[in-house]
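**Q** Below are the structure tokens for one structure; questions will follow.
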Amino acid sequence: MSYENPNAVLMVEDLTVSFDGFKAVDGLNFYVAPNECRVIIGPNGAGKTTVLDLICGRTKATGGSVNFKGHELLKMREDQIVHAGVGRKFQNPSVYEDLTVFENLEISYPKGYSVFGALAFRRDQQVHDRIEEIAEIIFLKDALGEKAAFLSHGQKQWLEIGMLLIQDPELLMLDEPVAGMSVAERVKTAELLNRIIADRSVIVIEHDMKFVEDIATRVTVLHQGKLLAEGSMAHVQADPKVIEVYLGH
Amino acid sequence: MTMTSPATSAALTKAAPPRQGAFLDRTETMGAIALAVLIFVILPLALDPFRLNLFGKYLTYAFVAVGLVLCWGAGGILSLGQGVFFGLGGYALAMFLKLEASSPENTAIQSTPGIPDFMDWNQITELPFWWQPFHSLTFSILAVIAVPAFFAFVIGTAMFRRRVGGVYFSIITQAIAAILTILIIGQQGFTGGVNGITDLRTMKGWDIRSDEAKTILYFVNGGLLFACLALAQFVRRSKLGRILIAMRDREDRVRFSGYDVASFKIFVFCLGAAFAAIGGAMFTVQVGFMSPSFVGIVPSIEMVIFCAVGGRNSILGAVWGTLLVNWAKTLFSEAFPELWQLGLGALFIAVVLIFPDGLAGLWKTHVNPRIERLFPRRTTPTVPAE
Amino acid sequence: MFADYSGSELLSIFAMQGFAGLILFSVFVLMALGLAIIFGQMGVINMAHGEFMILGAYVTYLVSRAFEAWAPGLFGAYFFVAMILAFFVSGGLGMAVEWLLIRRLYKRPLDTLLATWGLSLILQQIYRMVFGAREVGVTIPEWMMGSLVLSDMIEVPINGLFVMALAVGISAGVYILMYRSRWGLQVRAVVANRTMADAVGINTERTDRMTFAIGCGVAGVAGAAFTMIGSTGPTAGQLYIVDTFLVVVFGGAGSLIGTIASAFSISQAQSILEFFLSGSMAKVLTLLAVVGILMVRPQGLFALKLRK
């Protein structure tokens, strides 16, 4: 039932992780094509966030393979995975509260990753221009000098998206990007996401079905760590197994 | 700093986006100048050579405290074993000085002339191979930095690569301090045991015990301290400094911003170790001995309090804190030795509960605003104060 | 190196050495139990743990003096009174310390470490001012003196046996308290999920205070036991602190079985090495091995793998 694509950017095969015998993700297969926006849905505890954790190296897999453009991600460290071109946004906004918006973006600027590179890093015009460009996109141009701790919840979410954007990843993973936002913020975020997913592959976890319908190329439904259904939004919504899982209890 | 709504502060920052500012801001410049005046002018003029030497000894602890600001204040890594590096640096230089003091002529009465006296007392008849290179001053000075830094590199690599941090790191560094102390005391034939390496006399023929030598060494020490302060400031102001702060708050996020967190922690731990080692070497040459009582758990944790009193986030504060605590210690333990220990204990508790940002924090919240009011700045700041 | 000994002599040496190791094991277990509760369950670094032990030892000293003066007839039983008193005095101080100090610092573990170090300095100085800088020893009751002669070469000191019995008894007590009592269930619930525990009606603040107090009380009992095999000085507590923390960390924080297993392996390693090397080298090698193993396996011997 899994849709295979030989040109896939990301190939997840037989991915399994167990915590003391409990299989949070169990033999999962899926493929993400270039420029695709894949949305992962599923009930609580289905293993959605764990899948993202496994891909970005935060959790070590028990078995299987995650291949990204020829790199075996399961054997790489988190920072190496980032350098390979995978960016990850966390569910709760994860920004550096003690630093300003500018500094948050500067740390994410893809230069000077090594110890001595970081020592030698200078804020040149190019860095300034790029940071301002990103700040413009994420609606924070006027708050560059602000400490991130004083931003609103929604602004922190945007900042974190901006921190990913400045790295220009080929695969962007977003965990519930509109959770906890006001209606107005939600609309702005949808607009923002629609702009940034245009020329890269994206994996999104989201509960808001309206939002999913807007952005998804394909939808993957997870249940108890396993793949339940995959296909277009209309296709999975019509799938009796999906209806059973969501409504059957 | 009070909560400001994004809108009002946006108006402040709209005009000028943040630039990388001067090497020192106004407060830091004033602090640095005040410290330089104190160390290079006031103390040498006001104190007799004995007291000046005493303050020189205090300043050697300041090297450790500055290293701790980087490791603990900025990086969130609290090492309770900085005495290890202070001691290793101190011992490296002490070994050279001891060999020079143990020339065959000086030690003619020993059963084996030409080796340090404590070896002779312990029936050792030949200089151990690992003492041999310490005949060379160049080698010894290199060893002062290289041995502790390498040691820190090994410990740091082993621990940070496996993501051991927080209190576990503190406990293990403390255990290492205990192990090294027991080792030095137990192997007295090779290390001088509990008394340490004593009776150091000359350095390349220059008598380090004379008042004149002590005064010169005091200034050398002060110069080295300012060099370390400048280096520490450079590190803090670089992107690496901001990465350290980011790491302290959200280590995970830093990884996913593409940084190898462990290598940054190892670097800053090694730098802190190197600073401590320079302090240890300067201690040896100014005070004339080195002993395990500067290596163990108690001195290591006392060095943390020097840093905490000054302000764990302030490089200059660490120096002021070190001077203040040690000066108070000397003052009190001469007059009321019993009260000092109680006072020191209370200081540990107070610095945690009442003023966690130390002297630097008190300065920032109480003194600096008054100065700002008295002497307002001509230009408005482009970056809100940190 | 064994050539000078006959077979039976060698056997006896190993038996005696093994027994010395068992006494050291008991001492480690007693020291570590209180800390296993405080550090293992609450994650609080109490650098003054040794001083809580010493407090128990001083209480025992005072009780023995009191019995000598006022009830010499009951002298044989003073230790049991002392032990109970030590538990409540150390536990009471622990409760006060939790209220004044620790509860303000639960989110700042490194600061707790510094503050409790300050507390340890203050306690040491108070002991020095009250009891003097010199070590004090208690008079051991008559029934605890002498040794049990097993063969003409193997003798087992009775006070050593007594300390071992105490270690077993207190371990069992702590086990029952933590895993078989309602209170232990509450403690573990708070550790597992503080918010949830709060929501189901557990008074988490009170649980914290009681946990800390009981950990300190157990330390006091350990201190009382130590008076049977050694003397007590104001700074004796500091000597224990590194060993104690290593035992708990090595065992895997949060695991009682782990603590006991690690106390056993560290004590046996040390006492066996002591037979071949000088005391200080045996200690250095043992601690180095522990630190080395912890670098390879930072979670300790026994640890749960958790979903982050």
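**Q** Looking at segment A:11-27, is at least one residue of a type in the set (Ser, Thr, Tyr) and over 17 Å from the mean Cα position of the chain (by Cα)? Break it down into steps so the answer makes sense when it comes.
**A** Of all residues in segment A:11-27, those of a type in the set (Ser, Thr, Tyr) come to A:16, A:18.
Applying the additional criterion that residues be over 17 Å from the mean Cα position of the chain (by Cα) yields A:16, A:18.
Among the residues of segment A:11-27, at least one is of a type in the set (Ser, Thr, Tyr) and over 17 Å from the mean Cα position of the chain (by Cα), which makes the answer yes.
**Q** Do we have any residue at all in segment B:101-117 that's away from every other protein chain (no Cβ under 14 Å), assigned to a helix (DSSP H, G or I) and closer than 28 Å to C:Leu288 by Cβ?
**A** Filtering segment B:101-117 for residues away from every other protein chain (no Cβ under 14 Å) gives B:101-117.
Right, trim to assigned to a helix (DSSP H, G or I) and you get B:101, B:117.
Next cut, closer than 28 Å to C:Leu288 by Cβ only: none.
No, segment B:101-117 contains no residue that is away from every other protein chain (no Cβ under 14 Å), assigned to a helix (DSSP H, G or I) and closer than 28 Å to C:Leu288 by Cβ.
**Q** Given C:Gln125, C:Gln186, which one is farther than 24 Å from C:Ala32 by Cβ and either touching a helix residue (DSSP H, G or I) at 6+ places or on another chain (Cβ under 7 Å) or modelled with pLDDT of 90 or more (or both)? Don't jump to the end; show me each part of the working.
**A** On the way: C:Gln186 fails: farther than 24 Å from C:Ala32 by Cβ.
Exactly one residue qualifies, and that residue is C:Gln125.
**Q** Mind telling me which of the residues B:Ala65, B:Ala92 ends up being at pLDDT 95 or above and more than 20 Å from B:Ala360 (Cα to Cα)? Walk me through it before giving the result.
**A** On the way: B:Ala65 fails: more than 20 Å from B:Ala360 (Cα to Cα).
Testing whether each residue is at pLDDT 95 or above and more than 20 Å from B:Ala360 (Cα to Cα) leaves just B:Ala92.
**Q** Next question, about the same structure. Which pairs do you get when a residue that is farther than 24 Å from B:Val352 by Cα and away from chain C (no Cβ under 13 Å), found in segment B:285-308, comes within reach of a residue that is acidic (Asp, Glu) and part of a loop (DSSP other than H, G, I, E, B), reach meaning Cβ atoms under 9 angstrom, with the pair 6+ apart or on two chains?
**A** B:Gly288/B:Asp199; B:Phe289/B:Asp199
**Q** Look through B:Ala101, B:Ala149, B:Ala74 and report the one residue that is within 21 Å of B:Thr198 (Cβ to Cβ), of a type in the set (A, V, I, L, M, F, W, C) and in contact (Cβ under 8 Å) with a residue 40 or more places away in the chain.
**A** Residue meeting the stated conditions: B:Ala101.
**Q** Does segment B:257-282 hold any residues that are in contact (Cβ under 8 Å) with a residue 12 or more places away in the chain and either part of a loop (DSSP other than H, G, I, E, B) or out of contact with any helix residue (DSSP H, G or I) (no Cβ under 9 Å at 6 or more places or on another chain) (or both), and which are they?
**A** Selection gives B:Tyr259 alone.
**Q** Still on this model: State whether one or more residues within segment B:231-251 are in a loop (DSSP other than H, G, I, E, B), within 24 Å of C:Leu110 (Cβ to Cβ) and among the charged types (D, E, K, R). Walk me through how you get there before you give the answer.
**A** Pass one, segment B:231-251, residues in a loop (DSSP other than H, G, I, E, B): B:238, B:250.
Filter once more, so that each one left must be within 24 Å of C:Leu110 (Cβ to Cβ): B:250.
Pick out the ones that are also among the charged types (D, E, K, R) and you get B:250.
Yes, some residue in segment B:231-251 is in a loop (DSSP other than H, G, I, E, B), within 24 Å of C:Leu110 (Cβ to Cβ) and among the charged types (D, E, K, R).
**Q** Then there is this: Please verify whether C:Ile170 is within 30 Å of B:Tyr168 (Cβ to Cβ), within 14 Å of another protein chain (Cβ to nearest Cβ) and either out of contact with any Phe, Trp or Tyr (no Cβ under 7 Å at 6 or more places or on another chain) or touching a residue at least 24 places away in the same chain (Cβ under 8 Å) (or both), treating the condition exactly as stated.
**A** On the way: within 30 Å of B:Tyr168 (Cβ to Cβ): yes; within 14 Å of another protein chain (Cβ to nearest Cβ): no; either out of contact with any Phe, Trp or Tyr (no Cβ under 7 Å at 6 or more places or on another chain) or touching a residue at least 24 places away in the same chain (Cβ under 8 Å) (or both): yes.
Spelling it out, it is not the case that C:Ile170 is within 30 Å of B:Tyr168 (Cβ to Cβ), within 14 Å of another protein chain (Cβ to nearest Cβ) and either out of contact with any Phe, Trp or Tyr (no Cβ under 7 Å at 6 or more places or on another chain) or touching a residue at least 24 places away in the same chain (Cβ under 8 Å) (or both).
**Q** Here is a list: C:Phe302, C:Phe264. Which entry is in a helix (DSSP H, G or I), farther than 24 Å from B:Ala177 by Cβ and more than 10 Å from chain B (Cβ to nearest Cβ)?
**A** On the way: C:Phe302 fails: in a helix (DSSP H, G or I).
None of the others qualify; the one that does is C:Phe264.
**Q** Please tell me if A:Thr59 is in contact with a strand residue (DSSP E or B) (Cβ under 7 Å, 6 or more places away or on another chain), closer than 27 Å to A:Phe211 by Cα and not charged (D, E, K, R). Steps first, please.
**A** Details: in contact with a strand residue (DSSP E or B) (Cβ under 7 Å, 6 or more places away or on another chain): yes; closer than 27 Å to A:Phe211 by Cα: no; not charged (D, E, K, R): yes.
Criteria not met by A:Thr59.
**Q** With a cut-off of at least 2 residues that are modelled with pLDDT of 70 or more and over 30 Å from A:Glu132 (Cα atoms), name the helices (runs of 4 or more DSSP H) lying wholly within segment B:1-58. Give the steps one after another, and end with the answer.
**A** Details: elements: B:6-14, B:26-37, B:43-46.
The qualifying helices (runs of 4 or more DSSP H) are B:26-37, B:43-46.
**Q** Report the residue count in segment A:216-241 for those that are aliphatic (A, V, I, L, M), closer than 22 Å to A:Val178 by Cβ and crowded, with 18+ Cβ neighbours inside 10 Å. Talk me through it step by step, then tell me what you get.
**A** Here is the first cut: in segment A:216-241, the residues aliphatic (A, V, I, L, M) are A:216, A:219, A:221-222, A:227-229, A:233-234, A:236, A:238.
With closer than 22 Å to A:Val178 by Cβ added as a condition, the list becomes A:216, A:219, A:221-222, A:233-234, A:236.
Now drop any that are not crowded, with 18+ Cβ neighbours inside 10 Å, which leaves A:216, A:219, A:221-222, A:233, A:236.
Summing the residues that are aliphatic (A, V, I, L, M), closer than 22 Å to A:Val178 by Cβ and crowded, with 18+ Cβ neighbours inside 10 Å in segment A:216-241 gives 6.
**Q** Now for a separate question. If you scan segment A:71-101, which residues turn out to be buried (at least 23 other Cβ atoms within 10 Å of the Cβ) and either small (Gly, Ala, Ser) or facing chain B (nearest Cβ under 8 Å) (or both)?
**A** Scanning segment A:71-101 gives A:Val82, A:Gly87, A:Arg88, A:Val95, A:Tyr96, A:Thr100.
**Q** Output yes when any residue across segment A:18-37 is more than 14 Å from chain B (Cβ to nearest Cβ), β-branched (Val, Ile, Thr) and either in a helix (DSSP H, G or I) or free of Cβ contacts under 8 Å to residues at least 60 places away in the same chain (or both), and no when none is. Don't jump to the end; show me each part of the working.
**A** Residues of segment A:18-37 more than 14 Å from chain B (Cβ to nearest Cβ): A:18-37.
Adding the requirement that they be β-branched (Val, Ile, Thr) leaves A:25, A:32.
Of the ones still in play, those that are also either in a helix (DSSP H, G or I) or free of Cβ contacts under 8 Å to residues at least 60 places away in the same chain (or both) are none.
There is no residue in segment A:18-37 that is more than 14 Å from chain B (Cβ to nearest Cβ), β-branched (Val, Ile, Thr) and either in a helix (DSSP H, G or I) or free of Cβ contacts under 8 Å to residues at least 60 places away in the same chain (or both).
**Q** Which of the residues that make up segment C:59-75 are of a type in the set (Ser, Thr, Tyr) and either surrounded by fewer than 24 Cβ atoms within 10 Å (Cβ to Cβ) or under 15 Å from the mean Cα position of the chain (by Cα) (or both)? Spell out how you get there, then give the answer.
**A** Of segment C:59-75, the ones of a type in the set (Ser, Thr, Tyr) are C:60-61, C:64.
Listed by number, the residues that qualify are C:Tyr61, C:Ser64.
**Q** Name the one entry in C:Val89, C:Val63, C:Val81, C:Val44 that is within 14 Å of another protein chain (Cβ to nearest Cβ) and either free of Cβ contacts under 8 Å to residues at least 12 places away in the same chain or out of contact with any Cys (no Cβ under 6 Å at 6 or more places or on another chain) (or both). Spell out how you get there, then give the answer.
**A** On the way: C:Val89 fails: within 14 Å of another protein chain (Cβ to nearest Cβ); C:Val63 fails: within 14 Å of another protein chain (Cβ to nearest Cβ); C:Val81 fails: within 14 Å of another protein chain (Cβ to nearest Cβ).
The match here is C:Val44.
**Q** Looking at segment B:342-372, which of its residues are within 14 Å of chain C (Cβ to nearest Cβ) and among the β-branched types (Val, Ile, Thr)?
**A** Once the filter is applied, which keeps residues that are within 14 Å of chain C (Cβ to nearest Cβ) and among the β-branched types (Val, Ile, Thr), segment B:342-372 yields B:Ile349, B:Val351, B:Val352, B:Ile354.
**Q** While we're on this one: Got at least one residue in segment A:187-201 being out of contact with any helix residue (DSSP H, G or I) (no Cβ under 9 Å at 6 or more places or on another chain) and crowded, with 18+ Cβ neighbours inside 10 Å?
**A** Initial filter on segment A:187-201 (out of contact with any helix residue (DSSP H, G or I) (no Cβ under 9 Å at 6 or more places or on another chain)): A:187, A:191, A:198-201.
Adding the requirement that they be crowded, with 18+ Cβ neighbours inside 10 Å leaves A:200-201.
Yes: one or more hits.
**Q** Taking the residues in segment C:138-155 that are closer than 26 Å to C:Val81 by Cβ and touching a residue at least 40 places away in the same chain (Cβ under 8 Å) as candidates, determine which candidate is surrounded by the fewest Cβ atoms within 10 Å (Cβ to Cβ).
**A** If we filter segment C:138-155 for residues that are closer than 26 Å to C:Val81 by Cβ, which is where we start, we get C:138-148.
Those left that are additionally touching a residue at least 40 places away in the same chain (Cβ under 8 Å): C:138-144.
Values: C:Val138: 22, C:Thr139: 14, C:Ile140: 16, C:Pro141: 18, C:Glu142: 9, C:Trp143: 12, C:Met144: 17.
Among residues in segment C:138-155 that are closer than 26 Å to C:Val81 by Cβ and touching a residue at least 40 places away in the same chain (Cβ under 8 Å), the one surrounded by the fewest Cβ atoms within 10 Å (Cβ to Cβ) is C:Glu142.
**Q** Also: Could you pull out the residue among B:Val261, B:Val167, B:Val254 that is at pLDDT below 90 and crowded, with 19+ Cβ neighbours inside 10 Å? Spell out the reasoning first.
**A** Values: B:Val261 fails: at pLDDT below 90; B:Val254 fails: at pLDDT below 90.
Within the list B:Val261, B:Val167, B:Val254, the selection yields B:Val167.
**Q** Report yes if B:Arg209 is in a loop (DSSP other than H, G, I, E, B) and more than 8 Å from every other protein chain (Cβ to nearest Cβ), otherwise no.
**A** Details: in a loop (DSSP other than H, G, I, E, B): yes; more than 8 Å from every other protein chain (Cβ to nearest Cβ): yes.
Against the criterion (in a loop (DSSP other than H, G, I, E, B) and more than 8 Å from every other protein chain (Cβ to nearest Cβ)), B:Arg209 qualifies.
The values are calculated or read from the model by the stated rules, or taken from the named source; none is laboratory data. The model shown is predicted, which means the values in this text are computed figures rather than measured ones. So basically every Cβ, Gly included, is an ideal-geometry build from the backbone, and we count neighbours across all protein chains shown.
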